[in-house]
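Read the structure below first, then the notes.
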Amino acid sequence: MSHILIIDDERAIRKTLGEILSYEGYKIEEASDGEEGLRKFKERAWDVVLCDIKMPKLDGIEFLEKAREANPDVPIIMISGHGTIETAVEAVKKGAFDYISKPPDLNRLLITLRNAMDKTSLVTETKVLKRKVSKVQEMIGESPAIQRIKDTIEKVAPTDARVLITGENGVGKELVARWLHEKSNRAGGPLVEVNCAAIPGELIESELFGHEKGSFTSAIKQRIGKFEQASGGTLFLDEIGDMSLSAQAKVLRALQEGKITRVGGDKEISVDVRVVAATNKDLLKEVEERNFRLDLYHRLSVILIHVPSLNDRRDDIPLLVDKFLENICADYGIAKKEIEKEAMEVLKQYNWTGNIRELRNVVERLVILSGKTIVKDDVVNNVVPRN
C-alpha cells in the first residue's frame with residue numbers, strides 16, 4: 001500500500017483529501033504545519049507528499065527545500081488556493097513534482113498522484129538495479145590494514161603480476177580480486193571466476209581447460225574451459241587450496257608456458273590470462289602435508305595480499321553497518337534506519353566468525369525486526385547468542 005503525507009494547516013482540506021485518497025486505497029497521514037510535516041517526512045519513507053504553500057511556522061517552499069535535502073527522491077506535489085504562476089514556477093524550480101491549485105480537480109489530482117507513484121517506483125528500481133549491475137562494490141574501511149590493501153591494489157593492478165589473496169571465509173577476498181581486475185589494463189576483458197572447492201575433483205580439469213567431444217562418457221560436445229574464456233582478461237581461482245594435485249600440475253604448466261590442452265585433445269592452445277588466486281588455507285602448511293605443490297605456490301604468490309578478519313578491524317564496523325543499512329533499507333523501499341551508539345558498541349564487541357558476510361546478514365535481520373531506530377536490546381535479542 002502506498003503511503004501519502006498530507007501537509008496543510010486547514011483541517012477541512014486535510015480531512016477531504018484524506019477521505020478521497022483513503023477511498024482510493026492509499027494509506028494517509030496528516031500534518032497541520034510545515035514543521036510537523038518535516039518531522040514526519042524524516043521519520044519514514046513516503047511515496048508522495050501533498051503540501052500546502054501558505055502555512056504557519058514553516059511555509060511550503062521552505063518545507064520543499066528542507067525535504068529535498070533530506071530525501072530528494074520523494075515526489076512532492078504543492079497545493080495552494082493563493083498561488084500564482086510565479087509561485088508555481090518557483091516551486092517546480094526548487095524540485096516540486098507538480099503544482100495544483102485549490103480546490104483541486106479530483107481527476108487531475110489522481111492522475112498526478114499516479115504519475116508521482118510511477119516515478120517513486122522507477123527511482124527505487126533504478127537504484128536496486130544499479131547496485132546489482134555495478135561492476136565492483138565499494139571497498140569500505142579506513143583501518144590501516146584496509147588502507148594497505150587499497151595501496152597495494154593501486155600499485156599491482158596495472159601489472160600482470162599474479163596475486164595470491166589469503167584470509168578467512170567472508171572477509172572479502174573476491175572483492176579484492178574484482179578491484180585488481182577493474183583497475184588493471186585488462187579491465188575491458190572478461191573476469192572469469194572458478195570456485196575450486198565447489199567442483200568435484202574429477203571435473204576440475206574439464207572446467208579449467210575444457211574438453212573435446214567424446215573425451216569421456218558425458219562429453220557429448222566440445223567444451224571451452226575457463227582459461228580460454230578468460231583469455232585477454234583475468235582468471236580468478238577461488239579456494240585454490242582445494243584443487244586436486246593433477247589439476248595443479250596442469251595449472252602450473254599453463255602459467256609457465258601460457259598454453260593449455262583440452263581434456264581428450266592433443267592440440268596446444270595459447271592463452272593470455274592473468275591469474276589471481278585466493279584461499280582460506282595456509283598453503284605452506286598444505287605443501288608440508290603434500291596437498292599442494294610448492295612450485296605452484298611460488299608461481300601464484302608473486303604478490304601476497306592478506307585480508308584481515310572483521311575481528312581484527314573492528315573500527316571499520318560502524319562504516320560497514322552504515323553502508324549496509326543504506327543499501328538494505330533502499331532494497332526494502334523504506335527510510336534508512338538509525339542505530340543507537342550503545343547498539344553499535346555491542347556489534348563492535350561481537351565475535352564475527354563469519355566476518356563481513358555475517359555482518360551483512362545481521363544488519364538485514366535488524367532492519368526487518370527492529371523499529372525506526374535499532375537499539376541495544378534489538379542487537380542483544382536478535383544477534384548475540386543466548387546461553
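We did not get these values from a lab; they are worked out from the coordinates using the rules stated. Predicted model, so just to flag it, every value in this text is computed and none were measured. Please note: Cβ atoms are built from the backbone with ideal geometry, for glycine as well, and neighbour counts cover all protein chains shown.
Numbers at a glance
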item	result
Relative contact order for the stretch 144-308, counting Cα pairs under 8 Å that sit 6 or more residues apart, in percent	34 percent
Where only alpha carbons of the stretch 311-382 are counted, the Rg and the Dmax (Å)	11.1, 33
Ascending count of other beta-carbon atoms within 10 Å, so fewest first, for Arg68, Arg108	Arg108, Arg68
Kirkwood Rh and Cα Rg combined as Rg/Rh, the stretch 185-332	1.06
Sequence of Cys51, Cys329, Cys196 once ranked by neighbouring C-beta atoms within 10 Å, starting from the fewest	Cys329, Cys196, Cys51
Ranking of Leu366, Leu294 by count of other Cβ atoms within 10 Å, fewest first	Leu294, Leu366
Along principal axes, Cα extents of the stretch 3-133, largest first, whole Å	46, 30, 28
Helix runs (DSSP H) in the chain reaching 20 Å along axis by Cα, Kyte-Doolittle at least 0.0	317-332, 355-369
For the stretch 294-360 versus the stretch 217-279, the gap between their alpha-carbon centres in whole angstrom	32 Å
For q = 0.27, 0.34, 0.35 Å⁻¹, Debye-computed log10 I/I(0) when each Cα of the stretch 34-74 counts as one equal scatterer	-0.95, -1.39, -1.43
Loop-located chymotrypsin sites (Phe, Trp or Tyr not before Pro) in the stretch 262-347, at most 10 other Cβ atoms within 10 Å (DSSP)	none
At 1.306 mPa s and 10 °C, Stokes D of the stretch 150-200 from Kirkwood alpha-carbon radius, µm² per second	132 µm²/s
Assigned charges on the beta-carbon of Lys, Arg, Asp, Glu; the chain dipole about Cα centre (debye)	880 debye
Stokes-Einstein translational diffusion, the stretch 254-387 - Kirkwood Rh over all Cα pairs, 1.567 mPa s, 4 °C, in µm²/s	69 µm²/s
Ratio Rg/Rh, restricted to the chain and using Cα atoms, in which Rh is the Kirkwood radius	1.14
Relative contact order (%) - criterion: Cα under 8 Å, at least six apart; region: the stretch 65-209	16 percent
